[in-house]
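Engineer: Starting off with a structure, shown below.
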Amino acid sequence: RSLVLFNMAEEKATFPVLEKFLKDTVADCDLSSKERAQFSHGVLQTGDRNQREVIEKMRNSIFKVAQESIEDEKAKKILSWAEELIGIIESECYEPKPFVKEAVFFPSDRSEKRLIKYLDAAKHKMLVCVFTITNNRLRDALKRAHDRGVKVAIITDDECMKHLGSDIDHLKGYGLDVIADDAPEYHMHNKF
């Protein structure tokens, strides 16, 4: 039997069937394989329309029924704590993540400035894959990112990092993670 979790024909999604289903299944504190399959199928019926809103309403219904089923006050507080943490996770996961999709070509002052702007905007982590780094302004931007707490990792060529003018060893000594290929007969020539 198909479980219709809400009525999408209405202006706002309603969840009376979901709440009845939750109350019925929480009574024995066990989710049978049949109930799991019904719920899974019902979730699939949600479609893409207002997906975030629907998922939030479903989550809220689940926690509401669970709260109403608990008598112990400490257990209710623990459940509220879990609900709040899950809300934070959802918020972080649903927010669009900024990304940059742009090619820059060198040598070019304009490209250098744009790349440095992106390096200076990094907040969490940065994976740099280059043949080598010989531009001191780019080197300094990577150091600034590291100083801000950004996890910077560089993948590079083992032979080129030994060349005069390469800043890779300098960055490694500064504390940035450096990974070099270990095959002198091959070159790591990717750049991203």
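The values are calculated or read from the model by the stated rules, or taken from the named source; none is laboratory data. Keep in mind the model is a prediction, meaning the values are calculated, not measured. Side chains are part of the model used for accessible areas, which takes the heavy atoms of the whole protein and leaves out ligands, DNA and RNA. Shrake-Rupley method; radii C 1.70, N 1.55, O 1.52, S 1.80 Å.
Engineer: Stretched out fully, how many nm does the piece from LYS113 to ALA183 gain, at 0.36 nm a residue minus the Cα gap? Don't skip to the end; give the middle numbers.
Structural biologist: Details: separation 70, 0.36 × 70 = 25.20 nm, distance 3.34 nm.
Stretched fully, the LYS113-ALA183 segment lengthens by 21.9 nm.
Engineer: May I ask you to list the lysines whose Cα is less than 17 Å away from that of LYS143, ignoring any residue fewer than eight positions away on the same chain?
Structural biologist: Partners found: LYS113, LYS117, LYS123, LYS125, LYS151, LYS172.
Engineer: Ok, one more. Could you check how much of the accessible area of the range 95-157 is carbon and sulfur, as a whole percent, using a 1.4 Å probe? Don't skip to the answer; put the middle values down first.
Structural biologist: Working: 2540 of 4290 Å².
Carbon plus sulfur share of accessible area: 59 percent.
Engineer: Working with all protein chains in place, sort ASP167, ASP72, ASP181 by solvent-accessible area computed with a 1.4 Å probe, largest first.
Structural biologist: Descending order: ASP72, ASP181, ASP167.
Engineer: What number comes out for accessible area per residue over the range 116-173 if the probe is 1.4 Å? Units Å², please. List each step's numbers first, then the result.
Structural biologist: Values: 3200 Å² over 58 residues.
Accessible area per residue: 55 Å².
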